[in-house]
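Participant: Got a structure for you, questions after.
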Amino acid sequence: MTLSYDGKREILKHLNFVIQEGTLVCLLGPSGGGKSTTLNLISGLLAPTAGHIFFGDKDVTKEDALARKVGMVFQNYALYPHLSVQKNIEFPLKMAGLSRGDRAKKAKELAALVHVDDQLDKKPGELSGGQQQRVAIARALAKEPSILLLDEPLSNLDARLRIEMREEIRRIQRETGVTTVFVTHDQDEAMHISDKIMVLHDGHIQQYSTPTTLYADPENLFVAQFIGEPVINSVPASALSHDLAGVVPADILSQAQTAGIRPEALTLPQRALNPLTTLHGKVVEFDQFGRESTAKLDYNNLQLISTEMGQLSHDTKELDFTLEKKGFFLFDANGKRIFGGDDHAE
Ligand SMILES: Nc1ncnc2c1ncn2[C@@H]1O[C@H](COP(=O)(O)OP(=O)(O)OP(=O)(O)O)[C@@H](O)[C@H]1O
Ligand SMILES: [Mg+2]
């Protein structure tokens, strides 16, 4: 499908994707990439300029959000402030005409599912941010939605609560089996909870695959740089061409514009598992924190970060280090991956 808000500029360009029933998919990407627009097309709040949307084998393109039976949760909780938790959860059930007794029973079940069953009589203003989001999720689930859509539901929470709540959303999704689409610009969040991640940038799907595949087999430089912490080392391929000659086929090397090296793909020769080549450089900085360490290396005046140098002594200055095959990629001038990763992945 395609979407333009003003009839001139295409915001989403020929998006074509399938979300498997019962799975959790994250829409991930930088601000302005089209995540919310895509979610609003699924919900029925927006209509595509061209193309169709199917729920199962039913074409819902012309149906509104109510007819599609979507459940939605937004960044700001949007609970009714004057209603109790129980009444908030019951609200969609009341609209659906359920009896008072049935509503109360269902609301209590949902409150137990999201762990707010001891807060039923409180007003939203008396709850923490995380508790409010739990209530918002329970309310969205009350109408037994065909799909649950969440737009950055955790971005108003502090770092610790975000981590707790993302696990909770995953648990609730697994327990209910409801098909869920979750929007976030936080790659760590997406990597932890998703069955599949759709990376959106500039109105295009950059890649749509499992978290493992996104990390190990990025299809392009954008995905390689967006996924992973510490971020992938990217350097001009020409800087490595001497060391890669004979290791990478000459025709690939001649097209390569950028090399991407995961921080764990740089290691000491004695620690290497599947070495591609050995480089010579300098240690600029070495930091050890707990069991983890980071080394800043200088190779031909390029700075490279490694997390796999183990314990370096502080007087180490010059050294040989290995470039591992896994976690090393070459990209052409368009950013397309032309070397490294698994070409046969999904
Ligand atoms: N109502 C609108 N009218 C016109 N243009 C819009 C409208 N809403 C969004 N856009 C444009 O569409 C593009 C995608 O916006 P969208 O809100 O989908 O991005 P997003 O990925 O959700 O970003 P964020 O992470 O900031 O929420 C942006 O260029 C934005 O300016
Ligand atoms: Mg958005």
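Each reported figure results from applying straightforward, stated rules to the coordinates on display, with no laboratory input. Treat the numbers as computed from the prediction; the structure is a model and nothing was measured. In this analysis, Cβ positions are derived from the backbone assuming ideal geometry, glycine residues included, and neighbour counts consider all displayed protein chains.
Participant: Once R0 is set to 45 Å, what does the formula 1/(1 + (r/R0)^6) return for the Cβ-Cβ distance between Ser128 and Glu63, expressed as a FRET efficiency to the nearest 0.05?
Facilitator: Approximately 0.80, to the nearest 0.05.
Participant: Another one. Amide H of His201 versus every other amide H placed in the peptide plane: which residues, excluding those fewer than 5 positions away on the same chain, fall under 5 Å?
Facilitator: Gln206
Participant: A further question on this structure: Provide His242, His115 in ascending order of the number of other Cβ atoms located within 10 Å of each residue's Cβ, fewest first.
Facilitator: Neighbour counts put them in this order, fewest first: His242, His115.
Participant: Let me ask something else about it. Net charge near Asp298: determine it from the other residues with C-beta under 13 Å of the C-beta of Asp298, scoring Lys and Arg +1 and Asp and Glu -1.
Facilitator: +1
Participant: Give the shape of region 51-159 as rounded, prolate or oblate, defined through the alpha-carbon gyration tensor: a ≥ b ≥ c are the square roots of its eigenvalues, a/c under 1.5 means rounded, and otherwise the shape is prolate if a/b is larger than b/c and oblate if not.
Facilitator: Here region 51-159 falls in the oblate category.
Participant: Ok, one more. Given the C-alpha centroids of region 274-336 and region 130-185, what is the distance between them in whole angstrom?
Facilitator: Going from one Cα centre to the other spans 39 Å.
Participant: Next question. Given H placed on each backbone N at 1.01 Å, which residues far from Ile338 in sequence or on other chains put an amide H within less than 5 Å of it?
Facilitator: Leu330, Phe331, Asp332
Participant: For Asp6 and His314, what is the calculated FRET efficiency with R₀ set at 45 Å and r taken between the beta-carbons, to the nearest 0.05?
Facilitator: After rounding to 0.05, the efficiency reads 0.15.
Participant: Return the distance in nm (one decimal) between the two label points of a simple spin-label model at Ala250 and Phe17, each offset 7 Å from Cα along Cα→Cβ.
Facilitator: Between Ala250 and Phe17, the label points sit 4.2 nm apart.
Participant: For a test of the definition: using alpha carbon positions, the gyration tensor, and the 1.5 limit on a/c, classify the chain as rounded, prolate or oblate.
Facilitator: Since a/c reaches 1.5 and a/b is larger than b/c, the shape of the chain is classed as prolate.
Participant: I've got another one for you. If I take R0 = 30 Å and measure r between the Cβ atoms of Lys282 and Thr212 in this structure, what FRET efficiency does the formula 1/(1 + (r/R0)^6) give, to the nearest 0.05?
Facilitator: Working from the Cβ atoms, E equals 0.35.
Participant: Right, next: Of all DSSP beta bridges in the chain, what percent run antiparallel (nearest 5)?
Facilitator: Here the antiparallel bridges make up roughly 70 percent for the chain.
Participant: Arranged by the count of other C-beta atoms within 10 angstrom, fewest first, what order do Glu168, Glu126 take?
Facilitator: Listing Glu168, Glu126 from fewest to most nearby Cβ atoms yields Glu126, Glu168.
Participant: Scan region 198-234 for chymotrypsin sites (Phe, Trp or Tyr not before Pro) in coil per DSSP, keeping those whose Cβ has at most 12 other Cβ atoms within 10 Å, and list them by number.
Facilitator: none
Participant: Let me know the shape class of region 230-339, please: from the alpha-carbon gyration tensor, a ≥ b ≥ c as square roots of the eigenvalues, rounded when a/c is under 1.5, otherwise prolate if a/b is greater than b/c, or oblate.
Facilitator: prolate
Participant: Per DSSP H run of at least 4 residues, take -39500 (n - 2.57); add these up for the chain, divide by its residues and hand me the 222 nm value, nearest 500 deg cm²/dmol.
Facilitator: It comes out at -8000 deg cm²/dmol, rounded to the nearest 500.
Participant: Now, a different point. Relative to the present Cα-Cα distance, how much length would full extension add between His82 and Arg160 at 0.36 nm per residue of separation?
Facilitator: Length difference between fully extended and current span is 25.2 nm.
Participant: Separate question: So which of Lys69/Lys105; Lys69/Lys122; Lys13/Lys106; Lys58/Lys336; Lys282/Lys326 end up more than 30 Å apart, counting from Cα to Cα?
Facilitator: Cα-Cα > 30 Å for Lys13/Lys106; Lys58/Lys336; rest within.
Participant: Among Val85, Val284, Val231, Val114, what is the fewest-to-most ranking by other Cβ atoms within 10 Å?
Facilitator: Ranking Val85, Val284, Val231, Val114 by Cβ neighbours within 10 Å, fewest first, gives Val284, Val231, Val114, Val85.
Participant: Report the label-to-label distance for Ala50 and Val231 in nanometres (one decimal), using points 7 Å from each Cα along the Cα→Cβ vector.
Facilitator: 3.5
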